[in-house]
């Protein structure tokens with residue numbers, strides 16, 4: 001998406017967005033790129049108050065700002081702080097913790113955490129099915145049992161996967177990734193996700209888990225037994241394994257802990273950056289801001305409910 005300015009470094013970014021007015025005008029240009037409208041009723045005739053910060057709809061008579069109806073909601077934070085937070089979260093390969101983001105942006109940790117999750121919501125993607133050669137794999141995310149307190153280890157009463165969150169990922173060879181939380185690793189659960197996200201007739205490569213048996217009816221399915229080897233020529237799942245490695249490095253090194261409740265947003269954050277790994281920072285940042293204008297707000301009560 002064209003943004004009307006160019007930046008390749010953080011210095012160039014902050015030089016351009018030097019004040020709140022510049023940020024407000026930039027966000028308004030993106031929000032109303034197809035023409036001005038009322039976020040309450042959709043009417044296209046609106047009036048601008050003196051100063052240009054508030055608007056009023058000619059039809060429903062309700063007042064609003066450029067933040068109304070977006071992930072920013074009626075946040076009192078300056079748009080410039082939001083822009084910096086988006087830059088930090090969208091351009092770091094393994095993410096940034098709410099503690100660190102709060103220090104950089106100049107807000108409390110609680111506010112930084114809230115900002116993080118609002119931005120992650122805007123990183124959600126839905127661009128159709130994967131096709132071609134698609135690698136599929138599942139993994140377990142959570143703390144190691146040996147690092148838990150004895151009382152918590154005793155409650156697990158099972159294998160190393162007990163107490164962890166099951167996540168599933170699918171990636172086009174040299175292309176996009178789709179990842180999400182799943183309730184279990186049963187056949188119906190995993191295969192329903194593949195049918196949903198992978199175009200019929202594609203070549204699907206998995207490990208030797210029995211839950212993937214039967215995919216040949218819709219796909220050119222091949223399985224690699226990791227107990228024997230990790231790959232034979234083009235028969236491998238190295239791409240999706242690389243994504244899991246990146247995600248888990250962020251889990252252990254940046255965030256340290258992710259609750260099952262919020263795990264999907266973290267996966268969408270990593271998927272968003274992974275799918276734009278070859279793009280310039282400006283393009284990635286601009287994609288998030290454009291999505292912000294089209295994503296409904298996330299109330300704090302809903303986030304912690």
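The values are calculated or read from the model by the stated rules, or taken from the named source; none is laboratory data. Note that the structure is predicted; figures quoted are calculated from it, not measured. All Cβ positions, even for glycine, are placed from backbone atoms using ideal geometry, and neighbour counts span all protein chains on display.
So residue 68 clears everything in (1) in contact with a strand residue (DSSP E or B) (Cβ under 9 Å, 6 or more places away or on another chain); (2) buried (at least 22 other Cβ atoms within 10 Å of the Cβ); (3) over 30 Å from residue 212 (Cα atoms) except one condition, right? Which one? So the condition that residue 68 fails would be (2).
Taking segment 27-52 as the region of interest, how many residues are under 19 Å from residue 292 (Cβ atoms), free of Cβ contacts under 8 Å to residues at least 24 places away in the same chain and either touching a helix residue (DSSP H, G or I) at 6+ places or on another chain (Cβ under 6 Å) or outside any loop (DSSP other than H, G, I, E, B) (or both)? Residues flagged as under 19 Å from residue 292 (Cβ atoms), free of Cβ contacts under 8 Å to residues at least 24 places away in the same chain and either touching a helix residue (DSSP H, G or I) at 6+ places or on another chain (Cβ under 6 Å) or outside any loop (DSSP other than H, G, I, E, B) (or both) within segment 27-52 amount to 0.
Within segment 260-289, the set of residues being farther than 23 Å from residue 113 by Cβ and in contact with a helix residue (DSSP H, G or I) (Cβ under 6 Å, 6 or more places away or on another chain) comprises 276, 281. Could you tell me whether segment 36-54 includes any residue that is exposed (fewer than 13 other Cβ atoms within 10 Å of the Cβ), within 22 Å of residue 296 (Cβ to Cβ) and at pLDDT below 90? No, segment 36-54 contains no residue that is exposed (fewer than 13 other Cβ atoms within 10 Å of the Cβ), within 22 Å of residue 296 (Cβ to Cβ) and at pLDDT below 90. If the condition is being farther than 30 Å from residue 163 by Cβ and not in a helix (DSSP H, G or I), then segment 276-298 contributes 276, 277, 278, 279, 280, 293, 294, 295, 296, 297. Is it fair to say residue 128 is without any contact (Cβ under 8 Å) to a residue 12 or more places away in the chain and under 30 Å from residue 224 (Cβ atoms)? Taking the combined requirement at face value, the residue satisfies it. So, in segment 188-231, how many residues would count as being out of contact with any strand residue (DSSP E or B) (no Cβ under 7 Å at 6 or more places or on another chain), outside any loop (DSSP other than H, G, I, E, B) and more than 29 Å from residue 273 (Cβ to Cβ)? Of the residues in that region, 4 qualify.
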